[in-house]
Every structure is written in structure tokens, then in C-alpha cells.
Amino acid sequence: MAIDAHPPAHDAPYIRHLSVLRFRGIEKLSWFPKKGMNLLLGGGDVGKSTILDAIALLLNPTNGATLSDADYWQRRHEEGFEIAAAMSLPLSCGIVEQRKTSWPWEWSEEGPKPPDPEANDGQGVDPVFCVRVCGTPDFELLHEICQPDGSFDHFPVSVRRSIGVVRLSGDDRNDRDLRLIQGSALDRLLSDRTLRSRLADKLGESDIHGELKDGPKAALADLGNRFQKRTLPGNLSLGLIGGPGFSLNALIGLTAAKNETVLPLSSWGSGTRRLASLEVAAAHHADHPIMVVDEIERGLESYRQRILIEELVASPSQVFVTTHSAPAVHAAAEATLWYVDAGSRVGRLPATVAAQQKRDPETFLARIAVIAEGATEVGFVARLINRSLSEDMRRHGIWVSDGGSNSEALAVLRALAKSGLTVAGFADNEGTQLGAWQDTKEKLGDLLMRWEQGCLESNLIPHVQDHQLEAFIAEPDGDTGERLRTMADRLGLADKSFAAIFAATDDIRQLMIEAACGNPPADPEASDAQKKAWKKHGQRWFKSVAGGTELADKMLALGLWPHVAPQLLPFVNSIRGSVGLEAVQAIG
């Protein structure tokens, strides 16, 4: 996308605080977005698109928007709605050139505040302007400038157009900006105030009536006679006409040649239409407009998503983007990431999640993400949640993600929890970073399942009965050879049979735990080769996603569930509750 390098970036308008009250699915929102690209992530139906629509409505360059009861919180239109913003604005936008003076507020860490008249010459003051749009109980829109003295003035179209908002919605209406509709990007780009009326006159001169055959002409003449008898207008004919919401000028749009055939640009692919609309909207702005791009991946291949993300990040404009695309999230390494949870709360994702952003971008695209510390835990938790739902958890926007390790999972959980977002975690107790884990537990409550001691294997295997041991050791295909071999090697046995192993150890369950976890030998004199070999033993057991799934299945099939239900059931029910599902009493 071509970006005009003039004026400098510090003159670009940007929203410093956004407030939304009772607009669509958002009852209340307070957000401090950043300069540059703000990438809004989260599951479906959490309010991401509504936030972008609110910004676009606030800065709408026309007064043609219409409201319905669905634009009001719980359709209670009698209460109205309000979208307000504190904005840093270049003087070139004309906000201080109104007939009535618009006064700036003073920006502080808490937000805008009235300027202090006692301040010395205004030095060090960071001015912002406060604007809002209100939906009235009568389904009317009021655009207003909020003055520091509590009064309100009209927020005119001319200033809104000068500030500029480039909107790329997530639906199929992108070709609006490719047509000569009043207020469209193409209409604003051409800036010919008389063009639309001249075109309407020209189109109105078309002799459609002359194209009629004799029969239709006679029928029309008869209709004219009937009109005259009822004193209705006479001399009926046919011509090109417009109407409310659809004018003749809407028939005028951009065309382009494809294989030497001229086609309307609105008939090309959705990705091409979206990029074309973005270019048209951006082309006529001398200043850098605020850009609002909903579902940036729509109609675009992965490589085009990455290119567009990189171009928008490099733009001096403030950009708001939503996406459900893992490649887009991966490409947005330089953007400010925000996560919108199921309660429409917006929290910033700190730099500490960068590794998770690259490892598993899907983490940030779910209604609720469960950060499991490793592959075994991913498979185990996914199976456990699916069994509680009796269906695929992804249908409810639940995603289980590999956190990489115990410490890395903690870093991601702390970052998300600190943002006040709904996130869950599943981890071992390695006896490290106890204070940080406790702090995270206090924030997440039952959404964090961390064993009081040990790991998944060490909390399940002790409950396996003697007659179940061989069934537990067996792999899903029934083979026991590899796992028996890991235990025999640890005992120094040549005989790899279960009977020989059982007879050679005082605690076969502890031996199984050591082998399943890949624990190194206790002998400090053990060679590095032996340590590496024993560490690989875990791969023969449950150290994989498939292994975690197997472990969950065996827990349920062998009746081990009652022994661990006090730890696991509150965790599962908290996840269910986060997506609006009732608690269950057991998992079978």
C-alpha cells in the first residue's frame, strides 16, 4: 500500500483514549490505545469488530449513517449510547478554526482533564481534544466536541473528513468506496462538488422510452390516461432515476482492464476489492488518516496478509486491526497486541508473550486460551475438556496451547493475567518461582490447575492398581515392549518381561514415574550418555500430545478419575463457565 510520507508522523492524529457506553454488545469500555498499529485479538463475538465500528462511526466523514435498535446495548434504545475519544490532533485538521472556538484539554496519565488556568504559559502541557458521537433514543446521531467547561459544540463533517478515517470492514460491502456514492472514498478522492449532479443530469437524458416497442408504449399510454382520470400526474415516460439510499451515481464506479476486457472493479475478487478500497481511501489524504481494518485476512492469501501487516505497521498512521489469522498475528511482531476477552475487556499483551506469539499464534485467537506447560499437558487437557463437553472444545472457542516449558508458561500466564484477561493454565509443580506462581493463582483462581506436588504422571500413576499395571503400561496398539525396556534398563535387567521387572523393584510405580518422566539416574557418577539415554525414556511413554491424550483416556478407563477429581474438576468447570456453560459433576 502506498503511504504518503508527508507530514511527519507526530502530526498524525491518534486516539489516546476511547470510551464506549451501551453500543451494540458493549455495555462499557475504557481503552488507552497506542500509536502505530493496535492489533485486537480474541475469540469470536467478543466485541472486536464493535470497537472498530465505534471508531469509524465517531469519525464518520458523512452524516448519512442510520441506526437501528441493534446498535443499542440490549436493544434498549431509550437509554441511548455514547462513543467518545480524547485525541491528539494536528491543527491542520481545522478543529480550532470553527466559528466557535474549540478548546483543548490537558492530557494526563489518567486521561484528559481541564487545563489549569494557573499553569505557567502552558509550557509542558500536552493538549488533546475530546469528541463524541451519541445515539439518541430517537435513533439520531449527534456528533459533538466536548469543551473543558462542560459544554458541547457540533463536531462538523469538515473536521471529521480532515482528521480522516480509512475503514475496511469485514463484510462484503467494500465496493461502496469504489463507487461514486456520496461520502464514499472515491467521491472524496475526486472532490468534484458538481460532478455528481452533472452525471445525474446526463444519465437522466437517456431515451429509455424510445427503446420501448409498440405494445409496451401503448400500455404506458393507457396507464397515463388512467392517471389523468384520477387527477394524477400525466405524460408518463421511463427514465433513469435514483431513490433514497440508491442514486444514479451509485452506478458509476471504478473499472479496470482484465485480459483486455474492461470490468467493474467491484466484480473482482474480495481480496482485490478490499486492497483497492484501502488504496482509494488512503490516496486523497494529505495527512495520515486513522485506519480501521476489520478481519485483515479476508480474501487475502497468507503472503498478502503479511505484506499488508508490514506496510500498515510502517505507516505513520494510527491503525486498528482485527484478525482471526495466525499468519497475520505472526507477522505483527512490531504491533501493539491487545486481547479482547469474552467480557469485551481489552488488555495489553506485553513483550513477554512474543515467544508465544511466534510459537502458537492461535493462543491469541480463542475466546479462552489454556496455556499448558508442555506437549503432554496439551494432549491431556484437550482430551479432558472435550470429554466434559462431549464435543470438540474448539466449537466453544477454547484453545489449548503449548507454553513451551514450566517457566515460559508462567511468563505467558502472568502477562495475560496481569492484563485482567480470561486465561487458564495447567502446569506441574517443579518447586521453582513459588511466589510468582502463587500470585498468578490468586489472579486466576480455579482457572489455574497446578499440582500441589510433582507432575501429571506422578499424580496419576500412584493410583494404578496392581491388576491394572500392565494395561496402563501398554501403548494404544497394545505393545508393551518399549516401555518395559525403559524400566529394565534402569534396573540393569536383561530380562524385559513385566514379571522380572516387578520382582526386581520394591516400588514399580515410582519406577514407572521415573521412566515416564525421563528422569536422569540418581548416581552423580553416571555418564552423559546414560543421562541422555534415560531422558529419552519419556518419549517412549507420554511426552507428546498423543501421549497426553492416551494418559487422559487411561485415567478415565481405569477409574483413576475419583482420585484426582478434586484438583481437576474445578479447573474444568471454570473453563466451562468462562464460555457460558454450566458446571458438570463428573467426567466419564
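The values are calculated or read from the model by the stated rules, or taken from the named source; none is laboratory data. Because the structure is a prediction, the values reported are computed rather than measured. Cβ sites come from the backbone with ideal geometry, for glycine too, and all protein chains shown count toward neighbours. Remember, those area values only see protein heavy atoms, side chains included, never the ligands or the DNA or RNA. Shrake-Rupley method; radii C 1.70, N 1.55, O 1.52, S 1.80 Å.
Inter-label distance, V564 to A70: 4.5 nm, where each label sits 7 Å from its Cα along the C-beta direction.
Under 8 Å for C-alpha pairs, at least 6 residues apart: give me the relative contact order for the chain, rounded to a whole percent.
With pairs under 8 Å counted, the relative contact order is 14 percent.
Only helical runs count toward this figure. For the chain, summing -39,500 (n - 2.57) over DSSP H runs of n ≥ 4 and dividing by all residues gives -10500 deg cm²/dmol at 222 nm. Amide H contacts of V166: I290, M291, V292, each under 5 Å away and 5 or more positions distant or on a separate chain (H built 1.01 Å from N in the peptide plane; Pro and chain starts excluded).
Average accessible surface for the chain: 49 Å² per residue, computed with a 1.4 Å probe over protein heavy atoms with every protein chain in place. For the pair V262 and L581, the difference between a 0.36 nm per residue extended length and the Cα-Cα distance amounts to 109.5 nm. Split the chain at each of the trypsin sites (Lys or Arg not before Pro) in a DSSP loop with at most 10 other beta carbon atoms within 10 Å, and the longest piece is 231-588.
By the Cβ distance rule (another cysteine Cβ under 4.7 Å), the unpaired cysteines of the chain are C93, C134, C455, C517. Taking GluC sites (Glu not before Pro) in DSSP loop conformation with at most 13 other Cβ atoms inside 10 Å as exposed sites, the chain has its longest uninterrupted site-free stretch at 1-96.
Rolling a 1.4 Å probe over the protein chains gives I587 an accessible area of about 10 Å². Subtracting the Cα-Cα distance of D507 and D116 from 0.36 nm times their residue separation leaves 133.1 nm of extension gain.
Using a 1.4 angstrom probe on heavy atoms only, work out the carbon and sulfur share of the accessible area of the chain in %.
Answer for the chain: carbon and sulfur cover 49 percent of the accessible area.
Each residue of segment 573-584 was assigned a 3J(HN,Hα) from its phi angle through the Karplus expression (A = 6.51, B = -1.76, C = 1.60, θ = phi - 60°), giving 5, 5, 5, 4, x, 5, 10, x, 9, 6, 6, 10 Hz with x at Gly and Pro.
Were the residues from L91 through A526 laid out at 0.36 nm apart, the gain over their Cα-Cα distance would be 149.2 nm. Residues whose amide H lies under 5 Å from that of Y14, counting only those 5 or more places away or on a different chain, are S88; hydrogens are built 1.01 Å from N in the peptide plane.
Label positions at S405 and K443, each projected 7 Å from the Cα along the C-beta direction, are separated by 2.1 nm. So if we plug the beta-carbon distance of S390 and A499 into 1/(1 + (r/R0)^6) with R0 = 35 Å, what FRET efficiency do we get, rounded to 0.05? After rounding to 0.05, the efficiency reads 0.30. Label-to-label distance for Q98 and E310 is 4.3 nm, based on points extended 7 Å past Cα in the beta-carbon direction. Give me, ordered by chain and number, the residues 5 or more places off G518 or on other chains with an amide H under 5 Å from its own placed amide H. Those qualifying (amide H under 5 Å, at least 5 residues apart or on another chain) are G538. Taking K217 as the anchor, which lysines have their alpha carbon closer than 23 Å to its alpha carbon, excluding any fewer than eight residues away along the same chain? The qualifying lysines are K229.
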